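First the structure, in the form of structure tokens, and then the observations on it.
No lab work stands behind these numbers, since they all come straight from the coordinates. Computed from a predicted structure; not experimentally measured. As a convention, Cβ positions derive from the backbone with ideal geometry for all residues, glycine included, and neighbour counts pool all protein chains shown.
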Amino acid sequence: MTENSLDKEQQIVNHLVGTFQNLTGKVKRNRRIEVSIEKKQITSVLNYVKDHLGFIHFSHMSCVDWLEDGYFELVYILWSPEQKIQLLVKALVDRENASVENADMIWRQLNTYQREIREMFGVNFIGMKGDKEFILEDWDNMPPMRRDFNTVDYIQEVYFERPGREDAQNVRETISKRTGEEIPEVATKYSRD
Amino acid sequence: MMREKATTLYLGPQHPGITGNMMIKLKVEGDTVVKAQTHVGYLHRGFEKLMERRNWLQSFTIVCRICVPEPDPNELNYSRAVEEIEGREVPERAEWIRTLMMELSRLASYLLWFGGQNGSAGLYTMPQWSVGDRDYILDLFEELTGGRVYHMYIWPGGVRRDLPNGFADRVLQTMDYLEKRLKQYDQLMFENTIFQRRAQGIGWIDPAKAVEWGVVGPPLRAAGFKSDVRIDDPYLIYDQLDFEVPTQQGSDVWARALVRRTEFQQSINMVRQIIDKMPGGPVYNKIPNPMKWTIPAGDAYVKAESARGEFGYYVVSDGSNKPRRVHVKGPAYVHGVTLLENILEGANISDVSFIMNSLGTCPPEIER
Amino acid sequence: MPNDKNSQKIVDIIKNAARKHSLFVLAYGTGCGAIEIPPTMTSRYDAERFGIRGMATPRQADVLLVTGYLATKTLKRVIRAYEQMQDPKYVIGFGSCTINGGMYWDSYNTIKLLDKYIPVDVYINGCMPRPEAVITGFIELQKLIAEGKADGATKYKENLDWYRANQKKVIKNWNMPDYNW
């Protein structure tokens, strides 16, 4: 590792901090930088880094649900093939009536990512065209990837469970009776039944 | 003369010509496709919700089932992301063994691709040969890890166990056998005029727009770009191995087949170099009590090069013993939905399945 | 003239022997387990010596191999394919996900018990089953056919209301054709 190995990354962060207001950024490690912006700056920042800084390849878009703090965090991940650096752009959106502007005129494949986030989290992308259903069919409950959707209650209501056998025995007790060994304490402490 | 109306056809979930369980809704006029729309969701299991209820070590056991033909990049990416957030070191011998697993998995995936591409063209001898040869590599996996298809071998901190006695010799024997067979595949498939005439000029991707549309992997290399995660964002020990990344200029189905064939030969060379240069030492860095193992808060995005393209994992931790968010992005997410809908316009009906196989669409990783 | 082996007539024995030696499997990969079917059909494990081969459409197939878990979206299509198949037809449940939900027991989109939606004749357990286990499952099905006990199709016809009630509980938008044979 040479001495000035993080110079290129630091230059890009400084340039972005100087160009946009309310933007904070840092260098995470070799070839990874991240910036945090407000939700109304999303399309202008994405257009700027695509046209002027060489981040032309769109890698991934994700959404994290911070239920305790009351917001969603949208993450856009971009890659620059010239300088080989990955940029993560993060923006926070309110959980109640979440809505963000549509960005799929910048990269066409954003349509697929946005449709999935709309279906799984319930974030509204203003002005986006596309079928309502992407992965689920005839789903009438709340968006399933939110943290307050309880899967165990849902499956007990809708699906059947296989009942246990009538002569079902506890496995550890049966084996210890047969061989005469003691059941160690760590087995009973972390066991589920 | 009456004008033809467009008919709607459902190339549906039950069809012997599609790669997996997905549906393409085609609008055809005569024999030409006018509009195509992909429908996925037939294989959705909600992996990311399942992982929020399991702790870090239990999640590693289910992660390999996300991508069915090639499970190893999933395990590798999950382990590398967890190690990056926690700051855990991996012993050197474990990195070499991980690279060996990735290259063997790449060979197995290419053999399955040889079968699929030719099966959709009508050359049924090739699937019988290549899927039968893939069994020799699955035998090696079974000797090392215990399972033919799903290994659960690469975990955070290293690999699960060391190589058994005599394993290196069997690997080299299998590589010699596959190299001999590659000459026979050449005679049957690559020097076959019928395959060449069918494959040239079909499924063309515009090279000027390929990077912007998010194309990765062999389709991008067939469009002339020398782009591979193993040299752009190096991971494991690829910077100590000697290999080259092939490119072609045609950007059609024939160019992609040539790229994959050259990479097959390169992977065989890489496996021989790895067996030759592997150092000794421990194979894993022990994790603490798995019931109470917590990872500090943070996030990481890691990438790996699978046989179909760039595989990415975005993992977020909030300081507890369960993952907060694990988001998986497979190469077929872009290739199977927006790119496929674009390329199929103007294609002949009998080439639809051919083009799908050349892009490497694999539905389980689109919808997890 | 009744035969003393389980009181089957001689016609039944010939009929069952012909049926069990030619089982055509529908080409439908519904889940993960579909990756171990091509190795079963190639020359190392060679399922074709038992008369097992793949077939393209439901009208021409005998066996529906449900390979693994079923999402509710796929269950609707599997029911439609099953009802289009003609008698005699058999269903094999492949993998532990058809037995009790397997490792997706707490997923909101997969069904847990296959037996409540379509009748199953033979289960093959494992995750995933080896090609030798697949062939053993088919041999088990052949034994049941020879004894005349593989009657999932008649069970479906007789208890159609019960199966329909279970299916409609999971599939909310029921726009399928009526089953009339």
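The per residue volume of the convex hull around the alpha-carbon atoms of the range A:76-175 is 217 Å³.
Please compute the Kirkwood hydrodynamic radius of the range B:1-93 from all pairs of different C-alpha atoms, in Å with one decimal.
17.2
Calculate I(q)/I(0) for chain B by the Debye formula, one identical point scatterer on each C-alpha and no solvent, and give its log10 at q = 0.14 Å⁻¹ to two decimals. Debye intensities relative to I(0), on a log10 scale: -1.24.
Cα gyration tensor of the protein assembly as shown, axes a ≥ b ≥ c as square roots of the eigenvalues: rounded (a/c below 1.5), prolate (a/b > b/c) or oblate? Show your work: numbers first, answer last.
On the way: a/c = 1.38, a/b = 1.31, b/c = 1.05.
It is rounded, given that a/c, with a ≥ b ≥ c, falls under 1.5.
Between residue B:29 and residue B:258, what FRET efficiency comes out of the Förster formula 1/(1 + (r/R0)^6) with R0 = 30 Å and r the beta carbon distance, rounded to 0.05?
Details: r = 33 Å, r/R0 = 1.09.
The calculated FRET efficiency here is 0.35.
Just so you know, the Cα atoms of the range C:10-170 work out to an Rg and Dmax of 15.2, 50 Å.
Working note: 222 nm ellipticity from helices only, DSSP H runs with n ≥ 4, each -39,500 (n - 2.57), summed and divided by the residues of chain B, gives -12500 deg cm²/dmol to the nearest 500. Can you tell me how the range B:150-269 classifies by the Cα gyration tensor, rounded, prolate or oblate, using a/c under 1.5 as the rounded cut? Oblate is the answer for the range B:150-269, as a/c is 1.5 or above yet b/c matches or exceeds a/b.
Every helix of 4 or more DSSP H residues in chain A counts as -39500 (n - 2.57), and over all residues that averages to -8500 deg cm²/dmol at 222 nm.
Rounded, prolate or oblate for the range A:7-165? Axes are the square roots of the Cα gyration tensor eigenvalues, ordered a ≥ b ≥ c, and the cut-off for rounded is a/c under 1.5.
prolate
With K and R counted +1 and D and E -1, the other residues having a Cβ less than 9 Å from that of residue C:85 yield a net charge of -1.
For the range B:216-319, what is the convex hull volume of its Cα atoms per residue in Å³? Mind dumping the intermediate values first?
On the way: hull volume 13.8 nm³, N = 104.
About 133 Å³ per residue, rounded to a whole number.
Could you rank the peptides A:149-161, A:118-130, C:95-107 by their average count of other C-beta atoms within 10 Å per residue, with the highest value first?
Values: A:149-161: 13.8, A:118-130: 15.7, C:95-107: 20.2.
Result, highest mean first: C:95-107, A:118-130, A:149-161.
So what's the back-of-envelope 222 nm ellipticity for chain C, counting only DSSP H runs of four-plus at -39500 (n - 2.57) apiece and dividing by all residues, rounded to 500? Each step should come with its number before you reach the end.
Numbers: 7 runs with 68 residues, N = 181.
Roughly -11000 deg cm²/dmol at 222 nm, from the helical runs in chain C.
Summing Lys, Arg as +1 and Asp, Glu as -1, what charge do residues with Cβ under 15 Å from the Cβ of residue A:19 carry, residue A:19 excluded? Summing Lys and Arg as +1 and Asp and Glu as -1 gives -1. Measuring max minus min along each principal axis, the C-alpha atoms of the range A:22-90 give extents of 40, 25, 21 Å (largest first). Projected over all directions and averaged, the alpha-carbon convex hull of the range B:200-244 occupies 4.0 nm². Between residue B:293 and residue A:68, the modelled labels are 2.3 nm apart [label points 7 Å from Cα along Cα→Cβ].
Ordering C:118, B:366 from the fewest to the most neighbouring beta carbons within 10 Å gives C:118, B:366.
How many angstrom lie between the Cα centre of the range A:63-80 and the Cα centre of the range B:260-334? Cα centroid of the range A:63-80 versus Cα centroid of the range B:260-334: 22 Å apart.
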